[in-house]
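Data block below; observations after.
No lab work stands behind these numbers, since they all come straight from the coordinates. Quick caveat: nothing in here was measured; it's all calculated off a predicted structure. Positions of Cβ are backbone-derived with ideal geometry, glycine not excepted, and every protein chain shown enters the neighbour counts.
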Amino acid sequence: MEFAYYPGCSLEYTGKPYDQSVREVFKALGVGLREIEDWNCCGATMYMSQNETVALSVCARNLALAQAMGNCDICAPCSSCYTILRKTNRQIAWNPHTRSKISEALAAAKLTYDTPVGVRHPLDILVNSVGIETIVKKAKFLFDGLKVAPYYGCQIVRPVEDFDDMDDPTTMDRLLSALGADVVPYPDKVRCCGGMLMTTYEDVALDLNNGLLTSARENGAEVIATVCPLCHMNLEGYQAKINAKHHTNHHTPIVYFTQLVGLALGLDSRKLGMDTLLVKLTNPRLKTQAVEVAA
């Protein structure tokens, strides 16, 4: 099993631990990742505000490069990259005029995109292709009831249902539960963190993230697991500002779901980027898989 890997800009910098943990987990599970050579920024939402055709053409370049790699889908960990790549695929399929314009732009760069390439999220790949049962069998440790709030964010299950329910996704819940975590009820699991509002309307974003952190705490979570580098940054990096504004005392570790999977697989915590957490997950409470099986 092999995928064309599209890390995207965030995973090169602020989301580097996500990149590290995805690579390490996939390697441990025997899933190949070939990074798309000379990939470019997906544009996120910024290009769309200027010229949609240009934005889609820029993103389509990555799809064309992946197509040239052979018969494999793209693995895109960043929620925004995942969403924009899929949106570009839909526009090419649904809109003949847009498809023609994008083809013209790609031809100028001596590229073609005539065989659609699938775009998948690591969570989807791990649960639906590798399989939860396989992951549990390969786990060296299981979590000893670590209380986790699974935060999907507003993008990877929207705007149309693909691998999980739009309103109440359970893929991450099931994966982490199978690895011994106590997944707490988290009604805010698909509410928006504000995304880039943190750089434009900070007060609004701080309010949104305060709600997410408060909901997790009130439901007993010891840690929030995320699937998105921007959600991770907002929830982790702004806790001090949130506390100052709302007179709260948030001190909740924010981790990527792949970091938790990696810990269960017995991988080096430093290679998973656990040492970079601003709020440390000091005691993940792991017990050996052998003990769990014997029990």
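List of remarks:
- Lysine pairs in region 2-120 whose alpha-carbon atoms fall under 23 angstrom of each other, counting only those eight or more residues apart or on distinct chains, come to 4.
- Projecting the Cα atoms of Val119, Ala93, Ser79 onto the charge dipole of region 2-120 (Cβ charges, centred on the Cα centre) puts Ala93 farthest toward the positive pole.
- FRET efficiency for the pair Glu12 and Thr214, taken as 1/(1 + (r/R0)^6) with r the Cβ-Cβ distance and R0 = 30 Å, rounds to 0.40.
- Full extension of the chain between Asp268 and Asp182 yields a length gain of 28.7 nm, computed as 0.36 nm times the residue separation minus the alpha carbon distance.
- C-alpha center-to-center spacing [region 7-76, region 151-177] in angstrom: 20
- Residue (of Ala68, Ala44, Pro17) at the positive-pole extreme of region 2-120, dipole from beta-carbon charges: Ala44
- Largest mean-square fluctuation among Asn95, Asn209, Asn234, in a Gaussian network model of the chain whose springs join Cα atoms under 10 Å apart, belongs to Asn95.
- Rounded to the nearest 20 debye, the dipole size of region 64-195 about its Cα centre is 440 debye, using +1 on the Cβ of Lys and Arg and -1 on the Cβ of Asp and Glu.
- Prolate/oblate/rounded call for the chain, Cα gyration tensor, a/c under 1.5 rounded: oblate
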